[in-house]
1. Would you confirm whether any residue within the stretch 387-394 is charged (D, E, K, R) and under 28 Å from residue 349 (Cα atoms)?
2. Take the stretch 301-344 and flag every residue that is of a type in the set (Asp, Glu) and within 15 Å of ligand 2 (Cβ to nearest atom).
3. With respect to residue 56, determine if the residue is under 30 Å from residue 390 (Cβ atoms) and in contact (Cβ under 8 Å) with a residue 60 or more places away in the chain.
4. In the stretch 357-380, which residue that is assigned to a helix (DSSP H, G or I) and in contact with a Ser or Thr (Cβ under 8 Å, 6 or more places away or on another chain) is nearest to residue 186 (Cα to Cα)?
5. Which of the residues belonging to the stretch 337-368 are touching a strand residue (DSSP E or B) at 6+ places or on another chain (Cβ under 6 Å) and under 20 Å from residue 248 (Cβ atoms)?
6. Please enumerate the residues belonging to the stretch 396-439 that are surrounded by fewer than 16 Cβ atoms within 10 Å (Cβ to Cβ), among the aliphatic types (A, V, I, L, M) and in contact (Cβ under 8 Å) with a residue 24 or more places away in the chain.
7. Return the residue satisfying two criteria in turn: it lies in the stretch 203-240 and is among the β-branched types (Val, Ile, Thr) and either part of a strand (DSSP E or B) or within 16 Å of ligand 1 (Cβ to nearest atom) (or both), and of such residues it is surrounded by the fewest Cβ atoms within 10 Å (Cβ to Cβ).
8. If you take the residues of the stretch 71-83 that are of a type outside the set (D, E, K, R) and either within 16 Å of ligand 2 (Cβ to nearest atom) or crowded, with 24+ Cβ neighbours inside 10 Å (or both), which of them is nearest to residue 130 (Cα to Cα)?
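Laboratory data are not the source of any read-out in this text; all were calculated from the coordinates shown. Computed from a predicted model, the values in this text were never measured in an experiment. Here Cβ is always computed from backbone atoms with ideal geometry, including for glycine, and neighbour counts include all displayed protein chains.
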Amino acid sequence: MRMIVRGARLLHTSGLSEPSGLSDVEVGEDGRIARVIPYDDQKEPPATGILIEAHGGLLTAPFVEPHIHLDTALTAGEPRPNTSGTLWEGIACWSERKRTLTREDVIARATEVLRWQAAHGVLHVRTHCDVTDPSLTALDALLEVRDRVRDVMNLQIVAFPQEGIVSFPDGEALLREAVARGADVVGAIPHFEDTREDGVASLRTAFALAEEHGLRVDAHCDEIDDEQSRFVEVLATLALRSGLRERATASHTTAMGSYNGAYSFKLQRLLSRSGINLVANPFANLNLQGRFDAYPKRRGLTQVREMLAAGVNVAFGHDDVMDPWNALGTANPLQTALVGLYAAQLTGADDIPVAFSMVTDRAARVLGLDADEYGITAGAPASFVLLPAPSPEEALRRQVRPRYVVSRGSVLAETPPAPTRLSWPGEPPSDVDFARRLR
Ligand code: 17E
Ligand code: FE2
């Protein structure tokens, strides 16, 4: 046996059930899970292999980042800050910064953020990469990064036409070239195209290209506070009729926060029939939307609760890390989920584990990860995260750092506990117990 994790609380892959009972997870020499057995505190641990005592901590399949921009990360303020805070000024700032990109610059920034993600337990990442650049510098750099990290992390690259497929010079040719060079997913940005018709045409192009190459689609879709931006119905219909279905994703869809009840009802039915995924990006959506409103001011999120209730798969993405659209950002999925949970009011007792699943299994569905590559079951790769908390609620509430991140049977990251000493008046100094519940 290469490794054994003893006494862990397993989160069942539905993400919805309360974890109960403790288990041991045995990892074979091949880096795969050999078996999962009930924990027996009387039994001696094996003499060989790495022993991880979980002490009742939550053992979850790795976090999955369904939407990040690694090419733009860590460029905030370059060459100038986004002073209006709008999506549009962000695109203009990035357009200027894009001209100065080098391969080394992109590799260094993307790698730095991937290191943070690994430490946070994120082992599957879908990154968008702007391909409205005749040099395709960022794409080539990210393709190289994808190869460099392949043994420990799984990186999907979306060919993202930030300035348009139809409305940007040679936009379609650049998108095609990006796919030819090895992008995994075809992107689009219909609400940014010059006209409604251009937006529809851009989605048709993206789907045709994806079908031609057997790829998935993930479009930035309706990222605007305009109730007339209705490209998600086009995307869902193309997904339905092409058969791409759950291989298609609409990201952001913030306009849905402004749709009227009658249209929303129609859309719920269409989206659930289509099988498409939605990805809400709470940091970016809260930050960028509502900027043209007086009060009452819209908060910009898509219909998270309603679409979940309609049976649509919805996940939460982090989107930006210190770039023209968000000066802050940590790439920590527990932070994304906590902010998303409040933004979407997923605050009921039954809702909180759902928010956790939106950065684990629901995000895994967006990436198309199969059960044999994602989940804590015999035969799957031994990739998992041990959290120093007994439940998703506690992990979210206390925003814990993973105790161990294991990728394919090897420890990738380890965070020892760091106690806080408090000298409370009238008492000897003692460690603060943030987990304690007083009865
Ligand atoms: N580009 C875009 O169109 N929308 C975003 N939220 C980001 C980049 C981050
Ligand atoms: Fe995005």
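1. Yes, the stretch 387-394 contains at least one residue that is charged (D, E, K, R) and under 28 Å from residue 349 (Cα atoms).
2. Of the residues in the stretch 301-344, the ones of a type in the set (Asp, Glu) are 306, 319-320, 323.
Correct list: 319, 320, 323.
3. Numbers: under 30 Å from residue 390 (Cβ atoms): yes; in contact (Cβ under 8 Å) with a residue 60 or more places away in the chain: yes.
Yes; evaluated as a whole, the condition is true for this residue.
4. 366
5. Selection gives 358, 362, 363, 364, 365, 366, 367.
6. Across the stretch 396-439, the qualifying residues are 411, 435.
7. Here is the first cut: in the stretch 203-240, the ones among the β-branched types (Val, Ile, Thr) are 205, 217, 224, 232, 234, 237.
Remaining after also requiring either part of a strand (DSSP E or B) or within 16 Å of ligand 1 (Cβ to nearest atom) (or both): 217, 224, 232.
Details: 217: 26, 224: 22, 232: 27.
So, considering only residues that are among the β-branched types (Val, Ile, Thr) and either part of a strand (DSSP E or B) or within 16 Å of ligand 1 (Cβ to nearest atom) (or both), the one surrounded by the fewest Cβ atoms within 10 Å (Cβ to Cβ) is 224.
8. Going through the qualifying residues, I end up with 72.
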